[in-house]
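Written out below as structure tokens is the structure these notes cover.
Nothing in this text is a laboratory measurement; each read-out follows from the coordinates by a stated rule. Fair warning: this is a prediction, and the values are worked out from it, not measured in the lab. Neighbour counts are summed over all protein chains in view; Cβ atoms, including those assigned to glycine, are modelled from backbone coordinates with ideal geometry.
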Amino acid sequence: MTLDDFDRLTPAEFGSVVRNARRVRRDLEISELAMVRLHAAICVQPHISKPISPADLFSIPEIDSSRQEIPHKALSREEQHAEYIRLLEERKMRKNGQ
């Protein structure tokens, strides 16, 4: 950004630029921390008896919270079959529609 561009910014535009710069810096810090965690797990692995994941070493809430699995309800065999048939019919409809 040139000095002239900076001078022409409105307060709202300046705030947007600052927020974006902070977001980019935070994302970079998180990715660097994840890389450190991965390297730590690689270094520690040969010295312990059980396998260890990077998340087991220390938590990074921004990363770990987004990876939580959504629990799926158990389907009976008939429900699985009905779901399979429904998916096949959807695929046929899309194929015929193209």
Separation between the HIS47 and GLU83 pseudo-spin-labels, each 7 Å from Cα along Cα→Cβ, expressed in nm?
4.4 nm
Förster-model FRET efficiency, 41 Å R0, GLU32 and THR10, C-beta, rounded to 0.05:
0.80
For the chain, built as a Gaussian network whose Cα springs stay under 10 Å, the top-fluctuating residue of ARG23, ARG86, ARG37
ARG86
Residue-averaged [θ]222 nm for the chain, counting only DSSP H segments that reach four residues, each worth -39500 (n - 2.57):
-22500 deg cm²/dmol
On the Cα set of the chain, report Rg and Dmax in Å, please.
24.5, 68
Compare SER76, SER49, SER16 in a GNM of the chain, Cα atoms joined below 10 Å, and give the one with the largest fluctuation.
SER76
How far apart, in nm, are two points set 7 Å out from the Cα along the Cα-to-Cβ line at ARG94 and at ASP56?
3.8 nm
Select from PHE58, ILE85, MET35 the residue farthest towards the positive end of the dipole of the chain; place +1 on Cβ of Lys and Arg, -1 on Cβ of Asp and Glu, and compute about the Cα centre.
ILE85
Most mobile of ILE60, ILE85, ILE30 per a Gaussian network model of the chain (Cα springs, under 10 Å)?
ILE85
Short version: ³J(HN,Hα) in whole Hz for each residue of the stretch 22-38, in order, from phi by Karplus 6.51 cos²θ - 1.76 cosθ + 1.60 (θ = phi - 60°), x for Gly and Pro, what are they?
5, 5, 4, 5, 5, 4, 5, 4, 5, 5, 5, 5, 5, 5, 4, 4, 5
